[in-house]
Every structure is written in structure tokens, then in C-alpha cells.
Amino acid sequence: MRIVLAIILFFAIPAAYAQADSIIVKETLVKLENAMIAKQIQDMEALLHRDASFGHSTGWVQSRQEIIDDCKSGRLAYRTIKRDNFYVAGMGKDWASLRYTAVMEGVDSGKEFKVALHVLQVWVKNKKGKWQLAARQATKMPEQPK
């Protein structure tokens, strides 16, 4: 009986940690998006990995520093980010991939935008056990027939 219990615990404990991590990484994504909308630079710095790569649906790719600088300057300002179909697509001990669809609104170089996207993000857990965005890529959703 002890052997059976030990086997169950051997598999159950890591699964419980993975489930807790999946919740935490989802919450961390929401914190990052809220920080980007509110221009909370300190929070953005903490949530973006030092080597972050942020790909937009237009083909434009930003580094961590470019994301922060464009937020500070107002060159790129998000007003709203409405997520849907949000799920953890993959999870490891120190990484997670998230997928979702979103409608984002804001201003890019003084021009208003509203875009519907498919988004893939890769998050990594740093040495302190905190989740950081390492990579993000978005593609435009196909236009729906009217």
C-alpha cells in the first residue's frame, strides 16, 4: 500500500505544481498587459526577459529595450487588450507557451489602430522563480465575411 501511495504522490505532486504555475503565468501575462496599458515601466522591466523578442503582426520586431522605450515615449500606446480563447499550450519546469486571440486598440506613431490577433507567447522562469516574457509573436486574424 505504501508503494502505491508513493507512486501516486510521485506523479501527483509535480502535476499540482504545474497546474499552479499555469495559473501564475496566466496572471503574469495579465500584469504585463496592464503595465503596458498603464505605462508602468518598472513592472514592464520586471516582466520582460532581458532577451525578449516581441513580434507584431506587421512583421515589426522589438527588443525588450525598444518595447520599454516606445512605451515611455508614447510611440506605441495600448488602450485596450481584450483576450479570448486563452490557454497554456505547453508547459515545462521553467517555461510555458500561451496562446490566445485578442482585439487590441491603441496608437502607433500617432495613428489609431484596432487589430484582431492570434498571439503566441513564450514565458521562462528566472533564477528567482519569477515568470518573464521571452518571446511573443502575433498574426492578424483573417477577416470574417460580412
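The values are calculated or read from the model by the stated rules, or taken from the named source; none is laboratory data. Note that the structure is predicted; figures quoted are calculated from it, not measured. Cβ atoms come from the backbone with ideal geometry, glycine included; neighbour counts cover every protein chain shown. With ligands, DNA and RNA removed, areas are computed over all heavy atoms of the protein, side chains included. Shrake-Rupley method; radii C 1.70, N 1.55, O 1.52, S 1.80 Å.
Structure values in brief
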item: Where a residue in the range 53-68 is farther than 20 Å from Leu117 by Cα and open to solvent by less than 20 Å² (accessible area, probe 1.4 Å) and its partner, wherever it lies, is aliphatic (A, V, I, L, M) and not in a strand (DSSP E or B), with Cβ under 7 Å and at least six apart; result: Ile68/Ile41; Ile68/Met44
item: Any hit, the range 136-143, residues being open to solvent by 20 Å² or more (accessible area, probe 1.4 Å), part of a strand (DSSP E or B) and within 16 Å of Ser53 (Cβ to Cβ); result: yes
item: The lone exception for Ile37 - which of (1) assigned to a helix (DSSP H, G or I); (2) at pLDDT 95 or above; (3) within 18 Å of Ser97 (Cβ to Cβ); (4) open to solvent by 50 Å² or more (accessible area, probe 1.4 Å) it fails; result: (3)
item: Condition met for Asp94 (buried (at least 16 other Cβ atoms within 10 Å of the Cβ), among the acidic types (Asp, Glu) and touching a residue at least 12 places away in the same chain (Cβ under 8 Å)); result: no
item: Qualifying residue in the range 99-108 (condition: touching a strand residue (DSSP E or B) at 6+ places or on another chain (Cβ under 8 Å), among the polar types (S, T, N, Q) and surrounded by fewer than 18 Cβ atoms within 10 Å (Cβ to Cβ)); result: yes
item: Looking only at the range 117-135, and only at residues there that are without any contact (Cβ under 8 Å) to a residue 60 or more places away in the chain and surrounded by fewer than 17 Cβ atoms within 10 Å (Cβ to Cβ), the one that is farthest from Met44 (Cα to Cα); result: His118
